[in-house]
1. Report Rg/Rh for region 115-178, rounded to two decimals, where Rg is the Cα radius of gyration and Rh the Kirkwood radius.
2. What residues of region 94-108 lie in the reach of a label at R71, counting those whose backbone N is under 20 Å from a point 7 Å from the Cα along Cα→Cβ?
3. Just for the Cα atoms in region 68-160, what are the lengths along the principal axes, largest first, rounded to whole Å?
4. Compute the relative contact order of the chain as a whole-number percentage, counting only Cα pairs closer than 8 Å that sit 6 or more residues apart in sequence.
5. Report the extension gain between I178 and W87 in nm, rounded to one decimal, defined as 0.36 nm multiplied by the number of residues separating them, less their alpha carbon distance.
6. Can you tell me how much longer the chain between L13 and V30 gets when fully stretched, taken as 0.36 nm per residue apart minus their C-alpha distance, in nm with one decimal?
7. Using only alpha carbon positions, build the gyration tensor of the chain, then give the equivalent ellipsoid semi-axes as the square roots of 5 times its eigenvalues, largest first, whole angstrom.
8. Can you list the trypsin sites (Lys or Arg not before Pro) in region 1-68 that are in a DSSP coil and have 15 or fewer other beta carbons within 10 angstrom?
Amino acid sequence: TFRIVRDGYEEMLETVKIGRKRRAFVFNLVRKAQPAIIELTAGRGAAGATIELDGSPVGTVPGKHQVKAGRHHVAVSRAGFKQWERWVNAEEGQRLTYEVTLESTAQATGGMRISSTPPGAQVFVAGSSRGLSPTVINDLAPSGYSVEFRLPGHQVARQLVSVVAGETANVHVNLVPI
């Protein structure tokens with residue numbers, strides 16, 4: 001029995017009969033497929049997110065995974081973030097590296113920086129009391145808002161304010177004494 005071992009090929013065991021006559025033996029080695037490596041590194045929001053390869057969970061970001069040559073679906077998910085996904089074509093022995101950046105699913109918000117002359121007016125935004133001026137109100141959905149100022153001894157003042165995602169609108173009124 002011959003045991004044939006060669007790097008890059010599957011091991012072979014072959015039994016032969018040896019007689020008195022001289023014979024040549026031919027052994028057909030089968031090449032061992034080299035796996036490809038898909039490596040995912042952590043960009044913004046991705047550290048610790050779940051990795052799925054071809055629909056099966058395989059670990060978390062960052063991670064390195066061996067796959068057979070061919071087309072693979074890679075998905076990374078985390079609660080509160082949009083799923084990151086790619087179809088990749090991996091060749092034998094190839095190393096594919098991707099930096100995963102996850103985008104938050106939270107709606108982008110804006111805010112208002114509110115002041116009045118004189119200060120201390122009760123501030124109402126969309127009919128809800130939001131404290132005394134000056135004040136800053138954050139986490140408002142992008143939209144138009146009615147802002148009302150009430151201060152004893154002064155006329156009620158109203159303004160329409162547009163809130164834009166990622167911005168803080170400046171709102172100031174000069175209150176008129178009664």
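1. Radius of gyration relative to Kirkwood radius: 0.96.
2. Hits in region 94-108 for R71 at 20 Å: 94-97.
3. Result, largest extent first: 81, 19, 18 Å.
4. Relative contact order, the chain: 16 percent.
5. Full-extension gain reported as 25.9 nm.
6. Full extension of this stretch gives 4.9 nm more.
7. 75, 11, 10
8. Within region 1-68, the qualifying trypsin sites (Lys or Arg not before Pro) (loop, at most 15 other Cβ atoms within 10 Å) are R6, K17, R20, K21, R22, R23, K32, R44, K68.
The values are calculated or read from the model by the stated rules, or taken from the named source; none is laboratory data. Quantities reported herein were computed from a predicted structural model and do not represent experimental measurements. Because the Cβ atoms are built from the backbone with ideal geometry, glycine has one as well, and the counts that use them run over all protein chains shown. Accessible surface areas use protein heavy atoms only, side chains included; no ligands, DNA or RNA. Shrake-Rupley method; radii C 1.70, N 1.55, O 1.52, S 1.80 Å.
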